[in-house]
Amino acid sequence: MHNKSLTELAADLRAGAYTSVELTQHFLDRIEKHDGSLNSFITVTADIALAQAAEADAQIAAGTAGPLTGIPMAHKDIFCTDGVKTSCGSKMLDNFISPYDATVVEKLKAAGMPMLGKTNMDEFAMGSSNETSFYGAVKNPWDTDRVPGGSSGGSAAAVAARLAPITTGSDTGGSIRQPASLTGITGIKPTYGRVSRFGMIAYASSLDQGGVFARDAADCALVLSAMSGFDEKDSTSSEEENVDFTSSLDKSLDGLRIGVPKEYFGEGLDEGVSTSIKAALEQYKALGAEIVEIELPNTGLAIPSYYVIAPAECSANLSRMDGVRYGHRCENPVDLEDMYKRSRSEGFGSEVKRRIMVGTYALSAGYYDAYYIKAQKVRRKIKEDFVKAFENVDVIMGPVAPTTAFKVGEKKDDPVSMYLSDIYTLAVNLAGLPAISVPVEPVAGLPVGLQIIGNYFDESRLLNVAHQFQQATDWHKQSPEGFGG
Amino acid sequence: MEWETVIGLEIHAQLSTKSKLFSGSSTAYGSEPNTQANVVDLAMPGVLPVLNTDAVRKAVMFGLAIDAEVPDISVFARKNYFYPDLPQGYQISQFDKPIVGLGHLDIELENGETKRIGVTRAHLEQDAGKSLHEDFAGQTGVDLNRSGTPLLEIVSEPDLSNAKEAVAYMRKIHTLVQFLGICDGNMQEGSFRCDANVSVRPKGQAKLGTRAELKNINSFKFVERGINIEVERQIDLIEAGGTVVQETRLFDPDKDETRSMRSKEEANDYRYFPDPDLLPVAITQELRDSVRAELPELPEIKKQRFIDQFELSEFDAGVLTSSRASSDYFEIVALATGEAKLSANWVNGELASHLNKAELDFADSKVTPEQLTSLIKRITDNTISGSTAKAVFEAIWNGEGDTDQIIEAKGLKKITDTGAIEAIIDGIIEANPGQYEQYRSGKDKLFGFFVGQTMKASKGQADPAEVNRLLKSKLDA
């Protein structure tokens with residue numbers, strides 16, 4: 001059951017091959033059996049999942065089921081879930097039971113998907129290896145000595161290890177695409193504004209975007225269709241008409257113009273990864289696409305720009321974690337200032353503190369123009385690069401990450417080297433574009449992801465381009481040893 | 001040395017929207033603590049603000065009313081600081097792109113001249129919650145009902161030269177926002193309050209002196225007193241060789257002094273930056289036009305119209321147009337009775353004094369404009385006398401019914417029937433032969449005695465003019 005696509009699962013459920021309760025129990029059993037070595041879940045909600053599955057079975061029996069009814073899933077622990085602990089990977093929210101559902105949670109609930117639990121993540125989505133989680137590092141199912149990437153590392157590992165058919169994630173600087181790449185699955189970050197941010201705990205509001213992990217693009221298309229849409233509770237959500245992303249999956253790629261930025265193949269890119277990506281591009285040629293070399297001249301400025309804007313926004317976003325109304329509060333505060341200082345010092349981990357301090361500094365009187373305003377100017381330039389490129393090409397392709405999964409602990413104490421691992425993904429968030437990571441040929445047994453970047457609100461094409469590749473290849477069907485059979 | 005005072009006011013007017021600036025919670029005053037705070041007001045993780053468009057309309061209306069620039073784009077910014085009654089850890093306000101730009105309004109000075117006061121800007125922002133330090137021993141309670149309530153902060157130019165001008169300006173804004181229906185103006189409930197920036201400089205000096213900011217003053221009286229005391233303090237300080245430091249001060253009306261709250265060095269660096277959760281607010285020409293079409297008649301224009309249309313005195317018209325509710329009340333009664341002067345007297349007299357005593361607003365008057373209208377009609381059609389009318393008004397106020405019901409029930413109708421009055425007079429003369437004889441023999445003063453007796457016997461209902469006439473003819477016959 002755990003190797004089937006969503007379409008197959010839905011068909012089986014309708015045909016009565018098994019019930020949603022059985023299917024859900026199957027995944028709960030797998031979590032029980034395998035997650036000890038992976039640590040991909042922070043909370044498993046078996047009772048909720050089985051109750052929702054029973055409801056789904058009733059709907060299936062009554063003939064009122066939708067395409068996702070009865071198929072279990074898991075949410076990144078950044079999405080608020082009514083009555084369920086929502087920790088965001090932090091000690092700060094270890095005791096936080098959300099009193100409401102995020103819009104994404106509401107939507108997938110309404111679609112009839114039982115929730116298996118909440119997946120592990122880097123603390124407040126800050127990290128590229130899932131090592132900053134208060135709940136411990138997540139291990140990569142392909143090699144448990146290695147990281148699964150981050151920040152949505154738990155969601156990626158869970159899908160790669162077949163502990164859930166699909167999981168949600170969020171992507172602020174690569175947090176869906178990079179872990180998808182490192183764990184050999186498919187992950188899409190939609191256009192900024194496509195998926196409501198309401199109830200998705202904010203890291204950097206102008207960059208955060210919810211998305212989905214699945215094993216292939218067709219499954220992503222199905223779930224993304226259910227997650228997307230304008231939300232009156234999120235002023236930055238787009239009023240763009242919602243589409244069924246599955247409808248154009250089968251379009252031919254004949255004549256597709258693929259832009260390949262030379263800046264994405266420069267120094268720092270692992271040779272093996274480079275070779276795999278280039279092989280994939282050859283595959284696209286065989287599918288009828290045309291490769292066009294393009295320039296994204298401001299690529300190198302993405303990291304400095306991102307590491308001003310994201311910390312600046314997070315420094316304010318995390319101010320509400322003050323120990324007053326919810327979350328961690330220190331023992332026996334002597335006065336208000338003591339309560340603030342100790343609650344926050346104890347509740348936040350070091351990466352979060354680092355970014356809050358960087359952001360606070362960047363917004364301070366006398367530094368604001370030099371840092372924040374300058375970074376926003378650079379951001380506009382990066383966006384202009386993409387807008388110009390899309391005048392000539394339909395999609396842009398390159399690597400997601402410069403390397404395959406690195407070892408747990410390898411970069412933990414070297415933040416700059418960690419930041420550099422997001423070099424190809426950050427610019428997409430700064431520009432607000434949609435992008436997807438698709439598994440290509442592994443290097444030394446470790447997965448590699450191809451990044452496909454689309455134009456604004458062009459997710460249908462992205463999914464179509466990814467799906468056609470997956471029709472011609474079977475990299476996405478490979479499973480890590482011990483988790484597939 | 002001669003000194004000159006420079007004052008600028010920052011007025012906080014709470015916009016009278018049903019829901020908060022960025023959440024759907026009610027803004028009603030006086031509910032149980034924290035019953036009007038939803039997940040957004042509590043700043044739960046993951047929540048997002050959504051702008052209340054009614055607040056935008058009201059701010060635009062204020063801008064149009066003071067002839068200010070209302071720019072195409074305004075931007076919300078986060079003002080960062082920590083306080084328990086500020087759940088987000090930042091206030092959503094506006095910084096370099098406010099919704100209302102430079103405007104002005106005129107105030108009347110005591111010498112009858114008018115002075116134009118510049119309004120630098122007005123911007124939208126959220127109010128904070130309330131910290132309750134008294135209710136819990138050793139702890140502070142936080143009530144978030146007010147948290148997120150929309151405020152319009154109206155910042156004046158430093159154009160005000162003394163406390164009286166400051167009060168005149170504040171009153172003018174107070175009247176205006178109520179006329180526009182954008183703020184209830186209730187100062188007790190904190191719906192309208194101000195900070196005053198006060199500095200002094202030697203007369204003729206161009207450079208401004210260092211200012212102190214008096215925080216959170218919520219009455220006209222305190223504004224005047226607070227400024228005067230602060231000016232005195234600054235002058236005394238400088239003349240004694242000291243210097244004024246830039247700081248925030250509190251006016252304490254009980255001790256009749258201002259005292260330091262925090263100095264500039266202790267001031268927060270608010271680290272303003274554009275709020276990424278909110279799009280820039282686009283004000284279209286269409287919106288400006290539609291708000292302009294809703295703009296009510298402004299107080300000064302209405303006052304002049306009352307003078308012209310109803311031939312009211314400058315004073316009466318001024319008092320009536322000091323609030324929209326009083327001017328509306330008056331106009332309903334004046335038009336319905338056709339007796340403008342009499343209506344003005346009743347509204348500014350009996351009604352205003354009852355409202356004052358009961359601390360009620362015109363809108364909450366216990367005598368409706370319709371009831372006052374019928375009362376005035378009964379005066380003018382001679383059914384009741386003016387003095388009886390006051391008693392009827394009192395009865396309506398006390399909820400005893402409408403004019404005619406009360407007149408009927410209490411038998412207050414004027415007796416104008418000559419025969420009935422004659423019969424009473426005859427009875428009085430018969431009962432008081434001694435007084436009658438004295439009057440007849442020249443003691444004219446006793447006429448008053450007979451009037452009094454007659455009125456008493458008629459329980460005050462006899463028409464006094466008729467009583468006079470008939471008594472004269474009978475006594476002098």
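Data for the structure
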quantity: Within the stretch A:222-326, chymotrypsin sites (Phe, Trp or Tyr not before Pro) in DSSP loop having at most 15 other beta-carbon neighbours inside 10 Å; calculated: A:F230
quantity: Within straight-line cross-link reach of B:K79, lysines at Cα separation under 24 Å, skipping those fewer than 8 residues along the same chain; calculated: A:K233, A:K341, A:K353, A:K374, A:K377, B:K20, B:K58, B:K97, B:K130, B:K215, B:K264
quantity: Percent carbon-and-sulfur accessible area, the stretch B:118-235, ignoring ligands, DNA and RNA, probe 1.4 Å; calculated: 46 percent
quantity: Restricting the stretch A:240-331 to GluC sites (Glu not before Pro) in coil, as DSSP defines it, with at most 11 other Cβ within 10 Å; calculated: A:E241, A:E267, A:E331
quantity: Nearest-0.05 FRET efficiency for B:E430 and B:A358, computed from C-beta distance (R0 45 Å); calculated: 0.40
quantity: For A:S90, distant residues with modelled amide H under 5 Å away; calculated: A:F124, A:F134
quantity: Long-range amide H partners of A:I294 with built H, under 5 Å; calculated: A:V260, A:K262
quantity: Net charge over other residues, Cβ less than 15 angstrom from the Cβ of A:P261 (K, R count +1; D, E count -1); calculated: -2
quantity: Between the stretch A:201-251 and the stretch B:368-444, the alpha-carbon center distance in angstrom; calculated: 82 Å
quantity: Hull volume in cubic angstrom per residue (convex hull over the Cα atoms of chain A); calculated: 135 Å³
quantity: Helical segments meeting 18 Å axial Cα length and Kyte-Doolittle -1.0 threshold in chain A (DSSP H); calculated: A:20-38, A:46-62, A:271-286, A:302-317, A:350-363, A:459-472
quantity: Heavy-atom accessible area per residue - chain A, 1.4 Å, Å²; calculated: 34 Å²
quantity: Dmax and Rg, reported as Rg then Dmax, of the stretch B:3-287 (C-alpha, Å); calculated: 19.2, 58
quantity: Rg(Cα)/(2.2 N^0.38 Å) for the stretch B:154-230, N = residue count; calculated: 1.17
quantity: Loop-located GluC sites (Glu not before Pro) in the stretch B:360-449 whose Cβ has at most 14 other Cβ within 10 Å (DSSP); calculated: B:E400
quantity: Cα-derived Rg to Rh of the protein assembly as shown, Kirkwood definition; calculated: 1.15
quantity: When chain B is reduced to its Cα atoms, the Kirkwood hydrodynamic radius in Å; calculated: 26.6 Å
quantity: Per-pair calculated FRET efficiency, R0 = 30 Å: B:A423 and B:F447 via Cβ, rounded to 0.05; calculated: 0.95
quantity: Value of relative contact order over the stretch B:297-410, rounded to a whole percent, pairs C-alpha under 8 Å and six or more apart; calculated: 19 percent
quantity: Relative contact order of chain A, pairs being alpha-carbon contacts under 8 Å that are 6 or more residues apart, as %; calculated: 18 percent
quantity: For the pair A and B, total buried accessible area rounded to nearest 100 Å², probe 1.4 Å; calculated: 2700 Å²
quantity: Whole-percent carbon and sulfur share, accessible surface of chain A, 1.4 Å; calculated: 50 percent
quantity: Dipole of the protein assembly as shown, positive direction: furthest Cα of A:T119, A:P434, A:A310, with charges on the beta-carbon; calculated: A:A310
quantity: Qualifying aspartates and glutamates (Cα of each under 18 Å from Cα of B:K377; at least 8 residues distant if same chain); calculated: B:E331, B:E339, B:E350, B:E394, B:D402, B:D404, B:E408, B:D463
quantity: Flagged links, alpha-carbon separation over 30 Å, of A:K33/A:K109; A:K118/A:K251; B:K164/B:K302; A:K118/A:K411; A:K85/A:K139; A:K4/A:K33; calculated: A:K118/A:K251
quantity: Computed E for A:E337/B:A240 - FRET, C-beta separation, R0 35 angstrom, nearest 0.05; calculated: 0.50
quantity: Partners for B:K445 among lysines (Cα-Cα distance below 25 Å; same-chain residues under 8 apart left out); calculated: B:K456, B:K459, B:K472, B:K474
quantity: Amide H partners (placed H, <5 Å) of A:A401, local residues excluded; calculated: A:G449
quantity: 222 nm mean residue ellipticity, helices alone, for the protein assembly as shown (DSSP H n ≥ 4; -39,500 (n - 2.57); rounded to 500); calculated: -11500 deg cm²/dmol
quantity: B:V245 accessible area, assembled protein chains, probe 1.4 Å, Å²; calculated: 80 Å²
quantity: Cα centroid separation - the stretch A:52-127 against the stretch B:175-200, whole Å; calculated: 47 Å
quantity: Point-to-point label distance, B:I307-B:R171, nm (Cα→Cβ direction, 7 Å offset); calculated: 1.6 nm
quantity: Rounded Å value of the spacing that divides the Cα centres of the stretch B:237-305 and the stretch A:262-320; calculated: 47 Å
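The values are calculated or read from the model by the stated rules, or taken from the named source; none is laboratory data. For clarity, every value in this text was computed on a predicted model and none was experimentally measured. All Cβ positions, even for glycine, are placed from backbone atoms using ideal geometry, and neighbour counts span all protein chains on display. These accessible areas exclude ligands, DNA and RNA; they are computed on the full protein's heavy atoms, side chains included. Shrake-Rupley method; radii C 1.70, N 1.55, O 1.52, S 1.80 Å.
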